[in-house]
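Asks: What follows is a structure written as structure tokens; I'll ask about it next.
Rule-based calculations on the coordinates, nothing more; no lab input. Bear in mind the structure is a predicted one, so any value in this text is a computation, not a measurement. We place every Cβ from the backbone using ideal geometry, glycine too, and count neighbours over all the protein chains shown.
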Amino acid sequence: MAGRSFTDAVRERLGDVGWLDRSEIDAALVDFRGVFTGEAIGMARPSSTAEVSDVVRLAVEHDVAIVTQGGNTGLSGGAVPAAPTANDDRPRVILSLTRMREIEDVNVDRGTITAQAGVTIEALQQRAADVGRLFAPDWGARGSATLGGAVSTNAGGINVVKHGNMREHVLGLEVVMADGRVWDGLRSLPKDNSGFDLKQLFISGEGTIGIVTRAVVTIHPRPAAQRVAFASLRSLDALNDLMTLARTSTPGALSAIELIPEVGVAQVVERFGVQRPLESIAEWYVLVRYDSAGEPVDPGDDLTSLLTDAMSCDLISDGVVASTPAQEANLWLMRDELTATRSFGGFGVKYDLAIPPDRIAEFLRAAEALVDTIVDDALSFAFGHVGDGNLHFTVLTPDRDDGPLEAAAPVLRAALDGLVWEFDGTISAEHGLGRELRDRIVGQKSEVELDLMRSIKHALDPDDRLNPGVMLPSAPLPGVMLPSAPLPGAHHS
Ligand code: MLT
Ligand code: ZN
């Protein structure tokens, strides 16, 4: 059996430490939320790029498909191998880079870190802090998410409003291709116009066209100080003006702005011991962080002025600037734990969408109205990185049977997807497409764009060996150009 001899060959090449049998990898066959499950014959754990390359060559030889997995805290099912199907019964192997966790170089003069792909985001943040610098990408799963996973999904998070996505942090990559060749693109130049910028294909490529093994990423000067404020929005309609004020009141200071619903605050206060930051209750709040680059060192005064101005313009009804590290930690705990509120009440319809930030209030009103026409008494709420227009929008039916919501989910998703596109938005802002959205994205992308995506996949992975069933729409077959007639449901002409 192909799977068996492949296993022996990998064991021989990597040693016992480099291979885990099927019986040892249950946790890797389901994502951390338990939404996506799959199958694999085992897990290869190479310790170097050369070993990754050899595993890929063995997979080619034995016709095994490869699913690369980072921290397994992705939210779109992009790193859990789908079980073989009638159309594709090749065995799957998980490729884990957990033994490739070395931070190889920190270059303060260039403002770069070079690291292997299995290192965690938190470890990179810590190493940058150790030399007085900031590695800016940040989100709740920082302790588990890996550099390779973050690059492959072009992960975002709370600091994007100031520093950009992972894409804006990657200067160079090393990638093992689907035939085992190694592309050494580990450059550290901010400017390099010597042809196609190939690294951009692998950033957000979700492991479908190559395996990212090392990266050169940028670090920034650390802000001299940061302060966080929490304020009650007068109404959601005030959000856009508040965002404009937060950007302009102290130019360059804004480093995070997050929308937080009372529905979420009530849950995290009850379940995670978060302290309510304000006594007054509002429907919506914002968390705003200001950085200071130098003098005045403390941005607290600027934040206080922002709140005062926002109050006098009637944009907020209450607000507080955290004045101790414990108060700040409480606010960030509240924010980090919001993600768990999306799973309370069982089944939920969940979005990681983005729309132009100035249309958020309008969109949320339209989305709630749409949900009401499809599901009775559903609870819709959103939180997230509103500075980027990125909303984690959720529909739940807590405290009651979630069967009707689950039954209505296909219709609800189709209607909400359409609404997002009507608002010139995307149904995947920062979590990637994975297995969850690969087919739904067909409605968002033009025929030309889908053709280009398939052509790239076919050129770089003609045997569909890397992460099959992820990111690219399921039909037509990989590498087959689409007919010129528009796809059903295609949004663009
Ligand atoms: C977040 O911002 O908390 C994450 O993207 C996770 C989520 O969407 O739940
Ligand atoms: Zn997020």
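Asks: Check which residues have an amide H placed less than 5 Å from Leu97's amide H, if you skip close sequence neighbours.
Replies: Gln69
Asks: Which cross-chain or sequence-distant (5 or more) residues have an amide H under 5 Å from the amide H of Ala136, H modelled 1.01 Å from N in plane?
Replies: His220
Asks: In degrees between 0 and 90, to the nearest 10, how far off the longest principal axis of the chain does helix 403-422 point, with axes built from Cα atoms?
Replies: 80 degrees
Asks: Relative contact order, percent, of the stretch 345-493 when contacts are C-alpha pairs under 8 Å separated by at least 6 residues? Write down the numbers at each step before the final one.
Replies: Details: 207 pairs, mean separation 37.6, N = 149.
Worked out over the stretch 345-493, it gives 25 percent.
Asks: To continue, here is another question. So what's the gap between the Cα centers of the stretch 350-375 and the stretch 413-465, to the nearest angstrom?
Replies: Taking the Cα centre of the stretch 413-465 as reference, the centre of the stretch 350-375 is 20 Å away.
Asks: Write down, largest first, the equivalent ellipsoid semi-axes of the stretch 33-89 in whole Å, where each equals the square root of 5 times an eigenvalue of the alpha-carbon gyration tensor. Don't jump to the answer; show the numbers that get you there.
Replies: Numbers: eigenvalues 92, 57, 11 Å².
Over the Cα atoms of the stretch 33-89, the ellipsoid semi-axes are 21, 17, 7 Å.
Asks: Related question: Working from the pairwise distances between different alpha carbons, so that the mean of 1/r is found and then inverted, what is the chain's Kirkwood radius in Å?
Replies: Working: mean 1/r = 0.0420 Å⁻¹.
It works out to 23.8 Å.
Asks: If you add up the charges near Leu405, with Lys and Arg at +1 and Asp and Glu at -1, over every other residue whose beta carbon is less than 15 angstrom from its beta carbon, what do you get? All intermediate terms of the calculation are to be shown ahead of the outcome.
Replies: Numbers: positive: Arg342, Lys350, Arg400, Arg413; negative: Glu368, Asp372, Asp376, Asp377, Asp399, Asp401, Asp402, Glu406.
Value of the local net charge: -4.
Asks: Something else: Step through the residues of the stretch 164-178 one at a time and calculate ³J(HN,Hα) from phi using the Karplus curve (6.51 cos²θ - 1.76 cosθ + 1.60, θ = phi - 60°), rounding each to whole Hz and writing x for Gly and Pro.
Replies: x, 6, 4, 3, 6, 10, 9, 9, x, 9, 10, 9, 8, 7, 5
Asks: Show me, for the stretch 131-139, the HN-Hα J-couplings you get by feeding each phi into the Karplus relation (A = 6.51, B = -1.76, C = 1.60, θ = phi - 60°), rounded to Hz, glycine and proline as x.
Replies: 10, x, 10, 10, 9, 7, x, 7, 7
Asks: Note the angle between two axes, namely the Cα long axis of helix 121-130 and the longest principal axis of the Cα atoms of the chain, as a number of degrees from 0 to 90, rounded to the nearest 10.
Replies: On a 0 to 90 degree scale, this one is about 70.
Asks: Would you grab the residues whose amide H sits under 5 Å from the one on Leu171? Only those 5+ places off in sequence or on another chain, please, with H modelled 1.01 Å from N.
Replies: Val216, Val217, Thr218
Asks: Then there's this: May I ask you to order 448-459, 226-237, 85-96 by the average number of other C-beta atoms within 10 Å around their residues, highest value first? Numbers along the way, then the final one.
Replies: Working: 448-459: 15.4, 226-237: 21.0, 85-96: 17.4.
So the order, starting with the most tightly packed, is 226-237, 85-96, 448-459.
Asks: Can you give me the Cα centroid spacing of the stretch 170-205 and the stretch 208-275 in angstrom?
Replies: Result: 30 Å between the Cα centres.
Asks: On a straight-distance basis, which lysines could pair with Lys350 in a cross-link, Cα separation under 21 angstrom, same-chain partners fewer than 8 positions away excluded?
Replies: In chain and number order, the partners are Lys445.
Asks: Tell me what the chain gives for mean residue ellipticity at 222 nm when only DSSP H runs of n ≥ 4 count, each as -39,500 (n - 2.57), the sum divided by the residue total, rounded to 500 deg cm²/dmol. Mind dumping the intermediate values first?
Replies: Working: 13 runs with 153 residues, N = 493.
Taking each H run of at least 4 residues, the total per residue is -9500 deg cm²/dmol.
Asks: A follow-up question, please. Over the chain, what is the mean sequence separation of C-alpha contacts under 8 Å (at least six apart), divided by residue count, expressed as relative contact order in percent?
Replies: Numbers: 1018 pairs, mean separation 70.4, N = 493.
Reported relative contact order: 14 percent.
Asks: In which sequence would Ser204, Ser446 go, from the one with the fewest C-beta neighbours within 10 Å to the one with the most? Could the numbers behind the result be given before it?
Replies: Working: Ser204 20, Ser446 14.
Going from least to most buried by this count: Ser446, Ser204.
Asks: Taking the Cα centre of each part, how many Å lie between the stretch 62-105 and the stretch 310-340?
Replies: The two parts, judged by their Cα centres, are 38 Å apart.
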